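> Sharing a structure with you now.
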Amino acid sequence: MTERNKEAKEKRIEFLTAGQLAEFLQISEASVHRLRRQGRIPAVMLTPRLIRFNLREVRAALANQQELVRERQSTKEAGEQLAFDDLFAEMIE
């Protein structure tokens, strides 16, 4: 297999269906679609019903959200307990 074919194959693997991404993230497929609709994870809409997710972009988006949660936690006053809603406020909105 040539180097170009290997690169093309690797790129194809990175694009996942909602079901594949749900399995990878260990969440439901409905949650994947909810996160997409909320703009929390990026998606490629080939048609209204044919949607794919770039694994690298999804990982980057989720990592960015984790960093925002950490920043929120660090700005809380010492001794104040975080509520569940504080941790997932962006997902709930």
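> Quote to one decimal, in nm, the extra length available between residue 45 and residue 57 on full extension: 0.36 nm per residue of separation minus the C-alpha distance between them.
Extra length from residue 45 to residue 57 when fully extended: 2.9 nm.
> Considering the Cα positions of the range 14-55, please state its Rg to one decimal place and its Dmax as a whole number of Å.
Taking only Cα atoms of the range 14-55, I get Rg and Dmax of 9.1, 25 Å.
> Of the listed peptides 39-45, 66-72, what is their order by residue-averaged count of other C-beta atoms within 10 Å, with the highest listed first?
Ranking the peptides 39-45, 66-72 by packing returns 39-45, 66-72.
> Using the eigenvalues of the Cα gyration tensor, what equivalent ellipsoid semi-axes result for the range 1-73 when each is taken as the square root of five times the eigenvalue, whole Å, largest first?
In descending order the semi-axes read 25, 17, 10 Å.
Since every read-out is calculated from the coordinates, none of them should be taken as a lab result. For clarity, every value in this text was computed on a predicted model and none was experimentally measured. Cβ sites come from the backbone with ideal geometry, for glycine too, and all protein chains shown count toward neighbours.
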